[in-house]
Amino acid sequence: MIIFGTRTKLLQNSSNAAVGTCNYCNTAGSLYAYKQVKYFHIFWIPIFPYSTEIISVCNHCKKVNYQREIDPQTLATIRSNGMPKTPVGYFSGLILIGLFFGSAAAAGISGSIKTK
């Protein structure tokens, strides 16, 4: 049984419009941008993201370019179109852990007050 691990999620650009021309096959208007979020999970509950990266995919030749392979002009265009932010749900494990320790501290404080 797997209780912890890592997963990857692709977040689609909010505009869902082509961002440029593919450098591999030179097809105009076929390049789409995505944000790739890698996160750590326990029992399929996301704890925290540890890596985010912009990737581009050509709809014609299916070539995938990672952030370090995208030319600076196309990368600036992708960023200006507004990449999605990492959803708060990917921090839900940290929020749950914080709530647990906060309630334990509150219970300890209220218990010490009652004993006085």
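The values are calculated or read from the model by the stated rules, or taken from the named source; none is laboratory data. Note that the structure is a prediction, hence the values are computed from the model and not measured. Please note: Cβ atoms are built from the backbone with ideal geometry, for glycine as well, and neighbour counts cover all protein chains shown. Keep in mind that these areas ignore ligands, DNA and RNA; they rest on the heavy atoms of the full protein, side chains included. Shrake-Rupley method; radii C 1.70, N 1.55, O 1.52, S 1.80 Å.
The 3J(HN,Hα) values that the Karplus relation (6.51, -1.76, 1.60; θ = phi - 60°) gives for the range 39-54 are, in residue order, 9, 8, 9, 10, 6, 6, 9, x, 8, 7, x, 10, 7, 10, 8, 8 Hz. Gly and Pro appear as x.
Per-atom-type breakdown for the chain gives carbon and sulfur 60% of the accessible area (1.4 Å probe, protein chains only). Note on the chain: dipole from Cβ charges, positive end direction compared against Val88, Asn13, Asn59; the farthest Cα belongs to Val88. Eigen-decomposition of the gyration tensor built on the alpha-carbon atoms of the chain gives equivalent ellipsoid semi-axes of 44, 15, 9 angstrom, largest listed first.
A simple charge model with +1 on the Cβ of Lys and Arg, -1 on the Cβ of Asp and Glu and nothing else charged puts the dipole of the chain at about 320 debye relative to its Cα centre. Near Ile42, the amide H atoms lying under 5 Å from its own belong to Ile47; only residues 5 or more places off or on other chains count, and H is placed 1.01 Å from N. Heavy-atom accessible surface of the chain, averaged per residue, reaches 67 Å², computed with a 1.4 Å probe. Every helix of 4 or more DSSP H residues in the chain counts as -39500 (n - 2.57), and over all residues that averages to -9500 deg cm²/dmol at 222 nm. Residues whose amide H comes within less than 5 Å of that of Lys63, counting only those at least five positions distant or on another chain, are Cys58 (H built at 1.01 Å from N in the peptide plane).
Under the combined filter of DSSP loop state and at most 13 neighbouring Cβ atoms within 10 Å, the range 36-72 retains these chymotrypsin sites (Phe, Trp or Tyr not before Pro): Phe43, Trp44.
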